[in-house]
Structure formats: structure tokens, C-alpha cells
Amino acid sequence: MDLPSFLWLWKIAAWSMGLAIAAYLLQTVSGGWMYYSRTSRTLRPSWLRYFHYVSGIVMVMLVILLLIIGLVGTVGHYGSLMHSSHFGAGLLVVALVSLSAWSSTKISSQRPWARSLHIGTNIILFAGFVFVSLTGWEVVQKYL
Ligand code: HEM
Ligand code: HEM
């Protein structure tokens, strides 16, 4: 076992995960605000949609970075993949984030299903983040 050579990698992973969760919280607030302004027919600031969009792209990139770090770190250490349920949890989060980002580009008044899909996947994504953090924390215990 040779964790120190990978420690810098797990440090980037820990920071990325913290930022991804922070981005998710910003998404919840800005998305909720957009939802409120639409249903209550109040004005929404012009920067709000842009902010939601940009922080969403940042979140997607952080999750993809985490996937790459997880795969590269695991292959580098074991020479193989799929050592625990963290593998499935990671793929699940990547799938949900992709579905969320894709559905967001389809949202319009002609396609109300896209908004439901976007909001639905993001609620499930919360559980995905919890699952990937718990299983990730579990595998970290092996090294400590
Ligand atoms: C994956 C990254 C994400 C991207 C690229 C993204 C992008 C978008 C876009 C383009 C819209 C449509 C805005 C409009 O024109 O009305 C939208 C709506 C919305 N988003 Fe996201 N989003 C992301 C993640 C999230 C997350 C994580 C949440 C909440 C936890 C969220 C909550 C919402 C809500 C509630 C709406 C509906 C607003 C309304 O009803 O008018 N989004 N999002
Ligand atoms: C969206 C977030 C994340 C994704 C997509 C992700 C993805 C992955 C993937 C696909 C692997 C390879 C697992 C295998 O093949 O068995 C992995 C490994 C790993 N991940 Fe993550 N991960 C995420 C978050 C985290 C977090 C939050 C932690 C720490 C708390 C963590 C710690 C680890 C560790 C220590 C390994 C090495 C696996 C082992 O020793 O069995 N990951 N990650």
C-alpha cells in the first residue's frame, strides 16, 4: 500500500467534492428562486438564469473530475476497478448529473416534461451525493 504517492490526488478529490456540494446548494437556491418567480409571476433578475446555468456547468465539470480521479487513482493503486459499492455510487452520480444537464437544455413551455425531469433528477441527485460520500468515506477508512 502506497497511499502517500496518491495523497495529493485524494486532496484534489476532497476539495472537488466540497465545491461540488457547494455548487449543488447554489443550484438549489437559484433553481428554487426561478421556480418561485415563475409560479408567483414576480420578476426574476436577468442574471439568475445565467448564474444557475454557469454554476451548473461548474458542478458537472467537478463531478467528471471526481470520476476521472477515482478511476485513475484506483487503477493506479490496484490495477483494476470495481472494488466496492463506491464504484456504482460514482457512476450513478455521473449518470444523474448528465441527465439533469441534458434535461435542462430541453426546458421550454412546449416541453413541460423536461422541467419535471430536471427537478426530479436533481432531487434524486441529492441522495446520490449522500451515497457517494458515505461509500467514499468508507473506502478512505481502509487507508487511515
Ligand atoms: C446539472 C447542472 C444544471 C444545469 C446545467 C441547470 C440548468 C437549468 C436551466 C437551463 C434551467 C431552465 C431555466 C429557465 O429558462 O427557466 C433550469 C431550471 C431549474 N433548475 Fe437547474 N440546472 C442544473 C442543476 C440544478 C440543480 C442541482 C437544481 C436543484 C437542486 C436545479 C433546480 C432547478 C429548478 C427548480 C429549475 C426550474 C425553474 C423553474 O421552474 O422555472 N437545477 N436549470
Ligand atoms: C461525485 C463524486 C465521486 C465520484 C463520481 C467518484 C468516483 C469514483 C470511482 C468511479 C472510483 C473507482 C472505484 C472502484 O473502481 O472500485 C472511485 C474511487 C475512490 N473514491 Fe471516489 N468518487 C466520488 C467521490 C468520492 C468521495 C467524496 C470520496 C471520499 C470521501 C472518494 C474516495 C474514493 C477513494 C478512496 C477511492 C479508491 C477506491 C478504493 O480504494 O477502493 N470519492 N471514486
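Within the set Val54, Val75, Val139, Val130, the sole residue that is assigned to a helix (DSSP H, G or I) and surrounded by 15 or more Cβ atoms within 10 Å (Cβ to Cβ) turns out to be Val139. The residues of the stretch 69-101 that are near ligand 2 (Cβ under 8 Å from one of its atoms), polar (S, T, N, Q) and touching a residue at least 40 places away in the same chain (Cβ under 8 Å) amount to a single one, Ser84. So which residues in the stretch 9-31 are farther than 13 Å from Phe126 by Cβ and either outside any helix (DSSP H, G or I) or more than 14 Å from ligand 2 (Cβ to nearest atom) (or both), if there are any at all? Matches in the stretch 9-31: Leu26, Val29, Ser30. Quick check on the stretch 84-99. Is at least one of its residues more than 17 Å from Ala127 (Cβ to Cβ) and modelled with pLDDT under 95? Yes.
The values are calculated or read from the model by the stated rules, or taken from the named source; none is laboratory data. Note that this is a predicted model, so its numbers are computed, not measured. A quick note on method: Cβ atoms are made from the backbone with ideal geometry, for glycine too, and the neighbour counts reach across all protein chains shown.
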